[in-house]
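Quick notes on the structure that follows.
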Amino acid sequence: MGEPAARPDPQEGGGASWLSYGSLAASMFVVGACVALSKPLAAVFPVFLLGWLRFGIGGAGMLHWLRRPSSEPPPTARVRLLVFLEAFIGSFLFTVFMVLGVSYSGAVAAGVVMSAIPATIAVLSRLVLREAIRPRVLAAIACAVAGIAILALSRPGSEGAPVDDGHAGRWLGYALLGGAVLCEACYAVIGKRLTAVLSSRRISALMNLWGFVLMLPAGAWAAWRFDFDAVPWTVWWVLLFYGLASSWTIWLWMTGLRRVPASRAGVFTVMLPVGSACVGVWMLGEPFGLPQALAFSLALAGLLLAVWPARRGACTGD
């Protein structure tokens, strides 16, 4: 899967970038749905067993992508290190922080905290990749931050966690979700490096394989002590979707990231809280009112600001 030469600069929003934008948005929306689904799944499965099953299910569908194509050069030691870091930070740690954070707080609360991902990615891409942050992208990030503020100030006690004895637990959940935000930002920045040397398929397959290996010790121990017969079939179907969907989101994200700067791609992570809130409200019965609607309208406005094509001759100022 080679990269075509002489592509237009994706920061200018050329027509060829809309497929990349769609891949990024779809990836983050499904990740958000998986974040919400992790709450009922974590109530059934121990965290490390859930992560191990997730990577096992997803990796099984991507085994045929592990083989290196003849057009791809052998990976260097640096590339192998980046793949490991991408899997350890972006898959293993993100899964642990996210599942624990959602179990202590709630799906809508996870959306609130994770709306900080665009700003975090923008800062990291500036520091690590030296990418310029254009004014319109800054405005899109501001929309996401405003959405966080609206939800955070308007939802006392409605996160989905018990209010009476869950105060300390909710703050622990927020801290864990904050760790997941940082992991997701590192995932975007490291992924931008990897897409320059590896195909999206190979990155996805390798990350699932590493995730499975990293979860193996704790996951196998939890599986040894777990009563699988007590799990209803409906939960198994949800787990199957969770494992396949969360794995395919890696391929979608890497496909879009190949031609979109990390700072701009980060804006699409506002679709994560949108997906999380949709599942939280429609499937888990979490509250949704005017503040939530306003917050997610700001998120969509930020997306439009980020992806709307720049006028010809106005490229320098965006």
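Considering each of Ser17, Ser23 in turn, give the residue that is under 15 Å from the mean Cα position of the chain (by Cα) and either polar (S, T, N, Q) or at pLDDT below 90 (or both). Every option except Ser23 fails the conditions. When the stretch 30-87 is filtered for residues that are outside any loop (DSSP other than H, G, I, E, B) and of a type in the set (D, E, K, R), the ones remaining, listed by number, are Lys39, Arg54, Arg78, Arg80, Glu86. Identify, please: which residue in the stretch 146-167 is part of a helix (DSSP H, G or I) and either among the basic types (Lys, Arg) or surrounded by fewer than 16 Cβ atoms within 10 Å (Cβ to Cβ) (or both) and is, among those, modelled with the lowest pLDDT? This residue is His167.
Results for (1) modelled with pLDDT of 85 or more; (2) of a type outside the set (S, T, N, Q); (3) open to solvent by less than 10 Å² (accessible area, probe 1.4 Å), shown as yes or no for each residue.
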| residue | (1), (2), (3) |
| --- | --- |
| Trp221 | yes, yes, no |
| Asp227 | yes, yes, no |
| Pro232 | yes, yes, no |
| Thr255 | yes, no, no |
| Gly266 | no, yes, yes |
| Asp318 | no, yes, no |
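Residue-wise test of (1) among the charged types (D, E, K, R); (2) modelled with pLDDT under 85; (3) farther than 17 Å from Ile250 by Cα.
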| residue | (1), (2), (3) |
| --- | --- |
| Ala5 | no, yes, yes |
| Leu41 | no, no, yes |
| Val47 | no, no, yes |
| Gly56 | no, no, no |
| Leu66 | no, no, no |
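The values are calculated or read from the model by the stated rules, or taken from the named source; none is laboratory data. In this text, all values refer to a predicted model and were calculated from it rather than measured experimentally. Neighbour counts are summed over all protein chains in view; Cβ atoms, including those assigned to glycine, are modelled from backbone coordinates with ideal geometry. Calculation scope for accessible area: heavy atoms of the full protein, side chains included, ligands and nucleic acids excluded. Shrake-Rupley method; radii C 1.70, N 1.55, O 1.52, S 1.80 Å.
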